[in-house]
Amino acid sequence: MNVNEVKRLADIVDQKKWAAYDGLRASGETVLDALGLFLSGMDVQQRKLSLDILERYLIIKEYQVPAKHLLERIVAETDQERIFISTVKDFESEKVKSGASLSYEFSSLINLFPQKRFSFFEDPTSEKFLAANGFCVLVDDFIGSGNQFFKMLTYLNDNDIAVRCDCVAALIFQDEGRLRIEEEGYSTVHLHSRPKCLHEIAQLRGVDVAKIHEAYDAIEASTCCNADYKRGYSSCEASVTLKKTPNNTLPIFWHEGRKKWPAPFPRPKN
């Protein structure tokens, strides 16, 4: 990298306060060092694109303060005293979804809202959630394409389970997922709603998105990621990391693969 690129990267890390995550890497690298290694194998145009993406990249690893702000927005949506909150559930997996962390943070904040009574559930098929008499919310920390939400609804419909949902809440939505959910008549609440990253950069540069895709795809080819994750799962082009990096995020940032691509925000291995 040249001097200007090094300064630009350092400014991004400084302005976003990413040094706070230096101690979270198993390798012991700082975030700045990891990003420097990530960029080191790229040509000038690839580094420029990657730095453009990093300027738009969002990291939320600590949920307490964001959870407070999101819960304030949920409370503002209803005059009802009782609020019932369940996480969005993947009925095809036994893994606990990361949205459960958000629900847990909500439960630690209820004293800030003495005018409301909250109940929390890990599963929307809970008898008490199904029988809820109040404002019903389904939550996740991140909603990308919306596919997981609609898979859950399909499962519920196929099993004749009628779940009431007055609102879908997330710390972060991708615009496309949010719009799909809203088009089906659901209200949404969020802290961030984000466009497809590469499309946004193309628009800001005033070029056809195909040109940006070509430049990005050349970088992604080095990750040898599965075709399902091309430009992020469901081609979401997300640029976010939460407790872990969603697979909707551009895989150059999280997919290490067999060839040990230097992904700066890798997903944990099972």
The summed charge of the L51 Cβ neighbourhood (under 15 Å; Lys/Arg +1, Asp/Glu -1) stands at 0
Quick calc, the chain, dipole around Cα centre from Cβ unit charges on Lys, Arg (+) and Asp, Glu (-), nearest 20 debye, gives 660 debye
For the chain, the charge dipole (Cβ of Lys, Arg +1; Cβ of Asp, Glu -1; about the Cα centre) points to a positive end, and the Cα of I60, G144, T188 closest to that extreme belongs to I60
In the range 83-188 the accessible area split gives carbon plus sulfur, as whole percent at 1.4 Å, a share of 43 percent
Cα extents of the range 14-167 along the principal axes, largest first, in whole Å, come to 57, 38, 27
Taking alpha-carbon centroids only, the range 216-270 lies from the range 6-26 a number of Å equal to 19 Å
Of 247-256, 73-82, ordering from highest average Cβ density within 10 Å down gives 247-256, 73-82
Set K17/K230; K244/K269; K116/K243; K48/K196, cut-off 20 Å on Cα-Cα distance; pairs above it are K17/K230; K116/K243
Per residue convex hull volume, Cα only, the range 131-186, in Å³ is 77 Å³
Filtered hits (lysines, Cα-Cα < 20 Å from K151, offset >= 8 within chain) -> K89, K95, K97
With the 1.4 Å probe rolled over protein heavy atoms, the chain has an accessible area per residue in Å² of 51 Å²
Cα-based Rg then Dmax for the range 87-246, in Å, read 17.9, 54
Ranked output for segments 214-223, 227-236 by mean other Cβ atoms within 10 Å, highest leading, reads 227-236, 214-223
Mean projected area (nm²) from the convex hull of Cα positions in the range 175-270 is 7.5 nm²
With Cα springs under 10 Å, the Gaussian network model of the chain assigns the largest mean-square fluctuation among D160, D22, D140 to D160
Computed for the range 115-204: size of charge dipole around the Cα centre, +1 on C-beta of each Lys and Arg, -1 on C-beta of each Asp and Glu, debye to nearest 20, value 280 debye
Classified through the alpha carbon gyration tensor (a ≥ b ≥ c as square roots of its eigenvalues; rounded if a/c is under 1.5, else prolate when a/b is larger than b/c, else oblate), the range 61-143 comes out oblate
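The values are calculated or read from the model by the stated rules, or taken from the named source; none is laboratory data. As the structure is a computational prediction, the values presented were derived from the model and not from experiment. Counting neighbours? That spans all protein chains shown, and the Cβs are built from the backbone with ideal geometry, glycine included. We work out accessible area using only protein heavy atoms, side chains counted, and drop any ligands, DNA or RNA first. Shrake-Rupley method; radii C 1.70, N 1.55, O 1.52, S 1.80 Å.
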